[in-house]
Amino acid sequence: MFKVNPYRPGAGLMPVYLAGRDEDIKNIENLFDGLMLNIPTQSVIFSGLRGVGKTVLINRLQTVAEEKGIFCRHIEVEERNDFISQIASCSQAFLRKISTVEKFKHLIQKPLDAIKALVVSFDPGENTFSLSVQERELYTTVNLTQSLTDVFCTIGEAAGKAETPICFFIDEIQYMKSNELGALIAALHRANQLGYPVMIVGAGLPKIYSMLSEEKSYSERLFVYKEIGSLEETQAREAIEKPAEKMHVRYTDDAVTKIIRLTKGYPFFIQQLCQIVYQNTSTDVIDGKCVEKNVEEFLKTLDNGFFKVRYERCSEADKKFIFAMTACGELPCTISSVAKIMNKTVNSISTSRAQLISKGIIYSVRYKELDFTVPEFDAYVRRLEEYREWKKENKIR
């Protein structure tokens, strides 16, 4: 039977009630106000595990920025996608916007030339621009950092004169190629030095801190860093109860306590469990028993979707590394502990470690310590028959 359900688990889906992020939204809103006043403003990077609501947060912030009159574009970086073509497309969209105002049309040509140079040099398959042989030769003589810097500075100059600040919202930053990330940092840095109203709000897995600092030492001063984690108890309670209030349904304290314990306060898990519990409950009061009888379906849903899609990206060697991490018992664990369980040297398993970090499955918590980027992933692994067979074969308790 169809039933209107106020919970929305999904990749970046905006919940009916966004709990626990009011302070973050207010702080970034103040930065947007500074950008509108042409006051030098730091860009922002959010980091956190899968399922904590990073994408939801930057989507909400984009709405806030657009309401203030800031030109915004969302870019989702993918392993197989080209960041350069996306940033070029977003920059062209900005030029189209300001070109509709007659008095700003003269601002278009210089940034348009810079975008052409970027696209022709670093996106060879792009055929957006029709160029002469001389133009193509000219545009292919620049390096990526200089070319992207030219784009940011020229659109930034136009943004200042048109009184239309720019903010790029970049999700999944951890998938950016090293040369692209370095060029992006340098371009933003130069635009900021010149006082142009260009800003970035980014999000990614915890590894992005080290990625940014490895590319440019000054990135620490260029960005405001904020870690996004699970919700505190009061915030989690709001995430559980507020959506149901709209449907005149309430939770008992026992039910709320059980949901928080099962989900560890992670927003995605709360949305997923509450959606199932709400769907399978016909009364207007949800108690602890209602929660308990839906735990199996909750875990099965996570296993077949949220966890499995990441697990299946792993090679056989990757899986054995993951099994050894899980067998360590406590996380984070050291790579030497993983090597000991696998009966191998640290050097021999370094390739699997690097591949898993690259795939966004694990990350370095501290020097030589590792953890999963997905909350409760180790619990999922323990439920796998494949893992139990591996333990028997390797005589691991």
>> Within segment 185-196, take every residue that is touching a residue at least 24 places away in the same chain (Cβ under 8 Å) and open to solvent by 10 Å² or more (accessible area, probe 1.4 Å) and give me the one that is farthest from PHE122 (Cα to Cα).
In response: GLY195
> Out of (1) aromatic (Phe, Trp, Tyr); (2) open to solvent by 40 Å² or more (accessible area, probe 1.4 Å); (3) closer than 19 Å to GLN86 by Cα, what's the single condition that is false for PHE168?
Replying inline: (2)
>> Within segment 175-275, considering only helices (runs of 4 or more DSSP H) that don't extend past its boundaries, which have at least 2 residues that are closer than 16 Å to LEU57 by Cβ?
In response: 233-245
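State whether the residues of segment 65-72 include one that is more than 20 Å from SER219 (Cα to Cα) and open to solvent by 80 Å² or more (accessible area, probe 1.4 Å).
Going through segment 65-72, the residues more than 20 Å from SER219 (Cα to Cα) turn out to be 65-72.
The next check asks that each one be open to solvent by 80 Å² or more (accessible area, probe 1.4 Å); those that pass are 66-67.
There is at least one residue in segment 65-72 that is more than 20 Å from SER219 (Cα to Cα) and open to solvent by 80 Å² or more (accessible area, probe 1.4 Å).
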>> Here is a list: ILE75, ILE45. Which entry is buried (at least 22 other Cβ atoms within 10 Å of the Cβ), in a strand (DSSP E or B) and touching a residue at least 24 places away in the same chain (Cβ under 8 Å)?
In response: ILE45
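Just to check your reading of the model, which residue among ILE357, ILE349, ILE396 is part of a helix (DSSP H, G or I), farther than 16 Å from SER210 by Cα and at pLDDT below 95?
Working: ILE357 fails: farther than 16 Å from SER210 by Cα; ILE396 fails: part of a helix (DSSP H, G or I).
Residue meeting the stated conditions: ILE349.
Could you list, in sequence order, the residues of segment 25-42 that are open to solvent by 30 Å² or more (accessible area, probe 1.4 Å) and in a helix (DSSP H, G or I)?
Of all residues in segment 25-42, those open to solvent by 30 Å² or more (accessible area, probe 1.4 Å) come to 26-27, 29-31, 33, 36-40, 42.
Hits for segment 25-42 are LYS26, ASN27, GLU29, ASN30, LEU31, ASP33, MET36.
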> What number of residues in segment 284-313 are open to solvent by 10 Å² or more (accessible area, probe 1.4 Å), touching a helix residue (DSSP H, G or I) at 6+ places or on another chain (Cβ under 8 Å) and not in a helix (DSSP H, G or I)?
Replying inline: 1
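Please count how many residues of segment 2-57 are among the aromatic types (Phe, Trp, Tyr) and either more than 26 Å from PRO206 (Cα to Cα) or at pLDDT below 95 (or both). Break it down into steps so the answer makes sense when it comes.
Our first condition is that a residue be among the aromatic types (Phe, Trp, Tyr); within segment 2-57, this holds for 2, 7, 17, 32, 46.
Restricting the remaining residues to those that are either more than 26 Å from PRO206 (Cα to Cα) or at pLDDT below 95 (or both) gives 2, 7, 17.
Qualifying residue count, segment 2-57: 3.
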> Among the residues of segment 206-219, is there at least one that is in contact with a Gly (Cβ under 8 Å, 6 or more places away or on another chain) and within 15 Å of ALA19 (Cα to Cα)?
Replying inline: no
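Looking at GLY329, GLY288, can you tell me which residue is over 27 Å from the mean Cα position of the chain (by Cα) and over 24 Å from LEU231 (Cβ atoms)? Talk me through it step by step, then tell me what you get.
Working: GLY288 fails: over 24 Å from LEU231 (Cβ atoms).
Only one candidate passes the filter, namely GLY329.
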> If you check every pair at least six apart or on different chains, which have Cβ atoms under 7 Å apart with a residue in segment 1-28 that is on the phi > 0 side of the Ramachandran plot first and a residue that is open to solvent by 20 Å² or more (accessible area, probe 1.4 Å) and of a type outside the set (Gly, Ala, Ser) second?
Replying inline: GLY12/THR55; GLY12/ASN59; GLY20/GLU232; GLY20/GLN235
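Each row is one residue, and each column tells you yes or no for (1) within 28 Å of LEU356 (Cα to Cα); (2) within 24 Å of the chain's Cα centre (by Cα); (3) surrounded by fewer than 24 Cβ atoms within 10 Å (Cβ to Cβ); (4) not aromatic (Phe, Trp, Tyr).
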residue	(1), (2), (3), (4)
ILE155	no, no, no, yes
THR164	no, no, yes, yes
GLU172	yes, yes, yes, yes
ASN179	yes, yes, yes, yes
GLY182	yes, yes, yes, yes
PRO206	yes, yes, yes, yes
MET211	yes, yes, yes, yes
> Cβ-Cβ below 6 Å, separation at least six or inter-chain, first residue in segment 285-301 and modelled with pLDDT under 95, second open to solvent by 60 Å² or more (accessible area, probe 1.4 Å) and assigned to a helix (DSSP H, G or I): which pairs?
Replying inline: none
> Quick one: TYR278 ticks every box in (1) in a helix (DSSP H, G or I); (2) more than 30 Å from LEU57 (Cβ to Cβ) bar one, so which box is it?
Replying inline: (2)
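Is one or more of the residues making up segment 241-249 open to solvent by 10 Å² or more (accessible area, probe 1.4 Å) and under 23 Å from TYR363 (Cβ atoms)?
Step one: list which residues in segment 241-249 are open to solvent by 10 Å² or more (accessible area, probe 1.4 Å), which gives 241-242, 245-249.
Among the residues that remain, those that are also under 23 Å from TYR363 (Cβ atoms) are: none.
No, because not a single residue in segment 241-249 is open to solvent by 10 Å² or more (accessible area, probe 1.4 Å) and under 23 Å from TYR363 (Cβ atoms).
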>> I need the full set of residues from segment 48-64 which are among the polar types (S, T, N, Q) and crowded, with 18+ Cβ neighbours inside 10 Å, in order please.
In response: THR55, ASN59, GLN62
>> If I filter segment 302-322 for residues that are small (Gly, Ala, Ser), out of contact with any Asp or Glu (no Cβ under 9 Å at 6 or more places or on another chain) and more than 27 Å from LYS54 (Cα to Cα), do I get at least one hit?
In response: yes
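The values are calculated or read from the model by the stated rules, or taken from the named source; none is laboratory data. Note that the structure is predicted; figures quoted are calculated from it, not measured. When we count neighbours, we look across all protein chains shown, and the Cβ atoms used for this are built from the backbone with ideal geometry, even at glycine. Surface accessibility is based on the protein's heavy atoms, side chains included, excluding ligands, DNA and RNA. Shrake-Rupley method; radii C 1.70, N 1.55, O 1.52, S 1.80 Å.
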